[in-house]
Amino acid sequence: MADPTPLPDRVRLVVIFGGKSPEHDVSRSSAREVIAALDPTRYDIVPVGIDRDGHWMLASDTAEILAGPGAASLPPALAIGGPDVDALPVLQGHGTLDAAIPVVVMPILHGPNGEDGTMQGLLELADVPYVSSGVLGSALSMDKAKAKEVLTAAGIPQAAYVSAPAWEIDPDRLDQIATQLGYPIFVKPANMGSSVGVSRATDRAALDEAVALALVHDEWLVFEEAVIGRELEIGVLGTTHPRTSVPGEIVPGGEFYDYDDKYLNGTAEMVIPAELPPWVADEMSQLAVAAFRALRGEILGRADFFYEADGRGLLFNELNTLPGCTPVSMFPLLWGASGLAYPDLLDELVRLAIERHDRRRRRS
């Protein structure tokens, strides 16, 4: 294996956050914490905000997007100024900035138009290193329906599921799904994260309501059997040789780990490391890497599992290719418990982005 690519002495890090997704607020929170944790002696930080209408803007115009709890902790590097921007020149470091400093882009964007391959395609066109899976890996992992099909083909154990587009969902089809999966049934938009639009249906009336809610967010839906088991998560880092963190466990405060539990009421409990037999932790690590590779994951990901201790064992749930990155988010906490402190984790993400970009350039 070749020696790892070193991190340059100085990097211009373009942090993109916000966006049109319902997960705009989650992105904003992650960006605040990432920017505050970056070493100013190593990074020239260029924040680029995308408002809820999809308008791009540089630092001096991002105050409204970043406003909220924690905004006062932002470093002075935010005040670099700038009007509305043309995306590609800024991403490539053109203009009045020092072109000698290498540029890396960190897209802290959750959900559609950021985590689904669209932003990654723009960054490929800009020919800049970026902290994320590539176009295919991002798109596959974001689309729960396609991801499950790929993982099934790869032999990764999962809960029973059905996927269907809006134009195939009628009363007869819902009756078939209910018979196949049994209640309770989880209904999810195929392309959404942070549990946005997810419902747990315990009868037919609730199933109709869950479908209506999910269709607000996507025209493709995923129906999943309810699994009675523990909710486990593990971090993945790397490109050609991915490695995993210690496993963690989520103990939901409600019936399931929904958006409110994740971001609003704080009732969920995180147990790190999860109390598991060593062989289960080893199997979880192996399955996470196998799923990461099957879905073309790169650089970072958080693999989520269910665990039926007295049943089917580990069942893969999903791969999050741009997990929450606040210091109290599960992904950084998992790596912190694995010996990689939060600022060092950010350094490693930037280094991996440069390493992948350099490797691909050698092939062009």
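The values are calculated or read from the model by the stated rules, or taken from the named source; none is laboratory data. As the structure is a prediction and not an experimental result, all values here were calculated from the model. Reconstructed Cβ throughout: ideal geometry from the backbone, glycine too, with neighbour counts over all protein chains shown.
Some points to look at:
- Complete set of residues in segment 192-206 that are of a type in the set (A, V, I, L, M) and either outside the structural domain of residue 181 (by TED's automatic domain parsing) or assigned to a strand (DSSP E or B) (or both): 201
- Number of positions in segment 1-54 that are modelled with pLDDT of 85 or more, out of contact with any strand residue (DSSP E or B) (no Cβ under 8 Å at 6 or more places or on another chain) and over 26 Å from residue 197 (Cβ atoms): 9
- For segment 220-242, a residue qualifies if it is within 18 Å of the chain's Cα centre (by Cα) and part of a strand (DSSP E or B), and the qualifying residues are 231, 232, 233, 234, 235, 236, 237, 238.
Condition check ((1) modelled with pLDDT of 95 or more; (2) surrounded by 16 or more Cβ atoms within 10 Å (Cβ to Cβ); (3) polar (S, T, N, Q)) across all residues:
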{"position": "158", "(1), (2), (3)": "yes, yes, yes"}
{"position": "181", "(1), (2), (3)": "yes, yes, no"}
{"position": "193", "(1), (2), (3)": "no, yes, no"}
{"position": "196", "(1), (2), (3)": "no, yes, no"}
{"position": "217", "(1), (2), (3)": "no, yes, no"}
{"position": "236", "(1), (2), (3)": "yes, yes, no"}
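- Identity of the residue in segment 285-305, among the charged types (D, E, K, R) and assigned to a loop (DSSP other than H, G, I, E, B), that ends up nearest to residue 344 (Cα to Cα): 298
- Residue match in segment 207-220 (condition: outside the structural domain of residue 301 (by TED's automatic domain parsing) and on the phi > 0 side of the Ramachandran plot): no
- Test: residue in segment 164-179 that is hydrophobic (A, V, I, L, M, F, W, C), part of a loop (DSSP other than H, G, I, E, B) and under 19 Å from residue 322 (Cα atoms): no
- Flag if residue 210 is in contact with a Ser or Thr (Cβ under 9 Å, 6 or more places away or on another chain), outside any strand (DSSP E or B) and either surrounded by 16 or more Cβ atoms within 10 Å (Cβ to Cβ) or not polar (S, T, N, Q) (or both): yes
- Every condition in (1) farther than 23 Å from residue 54 by Cβ; (2) touching a Leu at 6+ places or on another chain (Cβ under 7 Å); (3) buried (at least 23 other Cβ atoms within 10 Å of the Cβ) is met by residue 146 except one, and the failing one is (3).
Residue-by-condition table, conditions (1) modelled with pLDDT under 95; (2) not in a loop (DSSP other than H, G, I, E, B):
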{"site": "111", "(1), (2)": "yes, no"}
{"site": "122", "(1), (2)": "yes, yes"}
{"site": "125", "(1), (2)": "yes, yes"}
{"site": "133", "(1), (2)": "no, no"}
{"site": "136", "(1), (2)": "no, yes"}
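- For segment 1-27, the set of residues classified as of a type outside the set (Val, Ile, Thr), in contact with a Gly (Cβ under 8 Å, 6 or more places away or on another chain) and buried (at least 23 other Cβ atoms within 10 Å of the Cβ) consists of 17, 18, 19, 21, 23, 27, listed by residue number.
- Among the numbered conditions (1) more than 21 Å from residue 306 (Cβ to Cβ); (2) out of contact with any helix residue (DSSP H, G or I) (no Cβ under 9 Å at 6 or more places or on another chain), the only one that residue 211 does not meet is (2).
- Residue 341 buried (at least 18 other Cβ atoms within 10 Å of the Cβ), without any contact (Cβ under 8 Å) to a residue 60 or more places away in the chain and not aromatic (Phe, Trp, Tyr): no
- Taking first residues from segment 110-125 that are free of Cβ contacts under 8 Å to residues at least 60 places away in the same chain and outside the structural domain of residue 321 (by TED's automatic domain parsing) and partners that are surrounded by 24 or more Cβ atoms within 10 Å (Cβ to Cβ) and assigned to a helix (DSSP H, G or I), the Cβ contacts under 6 Å between residues at least 6 apart in sequence or on separate chains come to 117/138; 120/138.
- One residue alone among 311, 324 is assigned by TED's automatic domain parsing to the domain that holds residue 269 and surrounded by fewer than 23 Cβ atoms within 10 Å (Cβ to Cβ), and that residue is 311.
- Failed criterion for residue 101 (all others in (1) of a type in the set (A, V, I, L, M, F, W, C); (2) in a loop (DSSP other than H, G, I, E, B); (3) at pLDDT below 55 hold): (3)
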